[in-house]
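First the structure, in the form of structure tokens, and then the observations on it.
What follows draws every value from the coordinates through simple rules; no lab data is involved. It should be emphasised that the depicted structure is a prediction, and the values quoted were computed from it without experimental measurement. Cβ coordinates were reconstructed from backbone atoms using ideal geometry, including for glycine residues, and neighbour counts include every protein chain displayed.
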Amino acid sequence: MADTSFRAGFSLLRNPNVSRMFIAYLVSYTGTAMAPIAMAFGVLELTGSTTDASIVIAAPTLASIVVLLLGGVLADRTSRQRVIYSSELLAMVAQFFLAFLFLANFATVPWLTFFMLINGIAMAFHAPAATGFIIQLVDKEDLQAANALLGTARNGAIAGGAALGGILVAVFGAGTTLLIDAISFGVSAILVISLKPKLQITPEAASVFEDLRIGWREFTSHTWLWVIVIQFSLIVAVGESVFGLIGPAVTRGHMGGAVDWGFIASGFGVGTLVGGLVGMKVRPKYPMRFATLCVFFFIGVELTLAVPMSVYTIAFAAFISGLAGQLFAVLWYTTLQMKVPAHMLSRVSAYDHLGSIVLAPLGIVAAGILFEVIGFRLTLIIAALTVLVPTVVVLCVRDVRMVTND
């Protein structure tokens with residue numbers, strides 16, 4: 001049985017592959033946490049329209065939907081390490097151009113949307129490759145600790161990056177903030193390419209369509225998997241809408257603007273940091289039952305922001321939401337890596353990511369329109385119900401409640 005102590009989890013940092021990946025996460029996600037704040041406030045300052053902002057913010061998710069499955073096949077078929085490296089470089093180039101548009105006063109909604117689409121393509125290749133890559137860095141019994149440890153790096157960076165992003169946007173503007181994000185992608189790319197992972201197991205030669213068919217068959221063979229992915233198609237749409245658009249718009253119009261939203265977003269990041277630490281220790285017998293119960297804590301930001309309450313109260317709600325979200329993520333990725341054969345992991349992960357984000361662009365645009373038509377309060381209440389109702393339904397599914405990692 002794996003050692004569940006914090007010391008055992010952090011001892012993985014003695015592994016050079018894990019320590020470098022840990023630093024790559026810290027660097028990259030610090031910049032990444034700043035980017036949504038920069039884009040949201042940058043577009044709102046540019047046009048004053050939440051509908052325009054929703055279009056720009058939804059663009060990367062829309063691009064991801066188009067190419068995610070290809071990203072999963074490519075990661076399983078070639079080298080996950082090189083796919084991650086290349087996607088980091090592509091994201092760096094896109095962020096440099098976005099920074100230039102703001103700094104040179106050339107920013108327009110069409111140009112911003114175009115480069116955000118490029119960002120989305122980079123994300124689509126990165127996500128399934130990263131899920132599969134973890135199994136090449138550590139032994140099977142260390143997967144949960146590794147997921148928790150890297151989640152701690154990612155979310156600690158998000159906490160600091162969000163707060164820093166709010167300050168940088170308020171003081172220097174969107175362009176400088178995006179420039180720092182671009183540099184962070186370059187540093188991360190260098191760290192990733194320096195890793196020495198275990199040999200990747202690749203499937204037998206087949207066509208892209210055959211690879212996708214086999215991946216789909218594996219994906220649909222796990223009831224707990226596809227049911228929760230359907231659930232998260234709604235939850236991710238809500239999360240992207242609230243954290244990418246509605247939250248910044250409410251704080252801009254009714255609170256202290258970018259600095260307040262940066263503080264709230266950093267509360268979420270601190271929560272995920274704590275969730276990563278707890279995730280090293282917690283070992284529920286039924287991981288997906290426990291993880292699904294965590295989802296009920298996701299709606300605190302929507303409810304407190306709908307009033308809106310004080311920035312400290314909303315930040316605390318974001319902290320609880322982040323903690324619960326990270327516990328869910330650790331258990332989710334560990335169960336996925338334990339239950340899905342290694343040579344199909346990136347393809348199945350691609351179906352997971354695709355299903356989870358497929359409604360996000362529609363949700364973001366709908367939130368932008370609803371914000372202007374019915375106001376932020378009712379929009380946020382609808383968002384909370386969109387998380388609550390499917391989560392109750394998912395708990396009724398026996399396979400979700402009973403799946404184990406034994």
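Shown here for the stretch 81-122: chymotrypsin sites (Phe, Trp or Tyr not before Pro) in loop regions (DSSP other than H, G, I, E, B) with at most 14 other Cβ atoms within 10 Å, namely Phe106. Our estimate of slack between Phe209 and Asn105, defined as 0.36 nm per intervening residue step minus the Cα-Cα distance, is 33.0 nm.
Let me check I've understood the local charge: for Gln200, count other residues with C-beta under 11 angstrom from its C-beta, Lys and Arg +1, Asp and Glu -1. What total comes out?
On the way: positive: Arg77, Arg80, Arg82, Lys198; negative: Asp76.
Neighbour charge sum, excluding Gln200 itself: +3.
The order of the peptides 30-43, 125-138, 70-83, 372-385 by mean Cβ neighbours within 10 Å, most packed first, is 30-43, 125-138, 70-83, 372-385. Under 13 Å from a point 7 Å along the Cα-to-Cβ line of His343: which residues of the stretch 215-229 have their amide N that close? Label zone hits: 215. Simple spin-label estimate for Ser310 and Ser194 gives 4.5 nm between the two label positions (7 Å along the Cα-to-Cβ direction from each Cα). Ordering 146-157, 300-311 by mean Cβ neighbour count within 10 Å, with the highest value first, yields 146-157, 300-311. Dividing the convex hull volume of the alpha carbon atoms of the stretch 28-130 by its residue count gives 81 Å³ per residue. The modelled label-to-label distance between Thr223 and Val282, using points 7 Å beyond Cα along the C-beta direction, is 2.5 nm. For Kirkwood radius over Cα pairs in Å, the candidate list reads (i) 23.3; (ii) 21.0; (iii) 23.9; the entry that matches the value derived from this model is (ii). Candidate membrane-span-like segments in the chain, meaning DSSP H helices with Cα atoms spread over at least 24 Å of their own axis and a Kyte-Doolittle mean of 0.0 or above, are 16-47, 50-77, 80-103, 109-133, 143-171, 174-193, 223-241, 258-281, 311-339, 376-395, with no membrane implied. In this rough spin-label picture, where each label sits 7 Å from Cα along the Cβ direction, the Ile374-Val171 distance is 4.1 nm. Calculation over all alpha carbon pairs of the stretch 181-308 in 10 angstrom steps from 0 returns a P(r) of 9, 23, 29, 29, 9, 1 percent. The GNM of the chain, with springs linking C-alpha atoms under 10 angstrom apart, assigns the highest mean-square fluctuation among Leu199, Leu362, Leu345 to Leu199.
Under 15 Å from the Cβ of Ala53, count the other residues' Cβ atoms, weight Lys and Arg +1, Asp and Glu -1, and hand me the total.
Result for the local shell: -3.
Taking other residues whose beta carbon is less than 14 angstrom from the beta carbon of Ala40, and scoring Lys, Arg as +1 and Asp, Glu as -1, yields -4.
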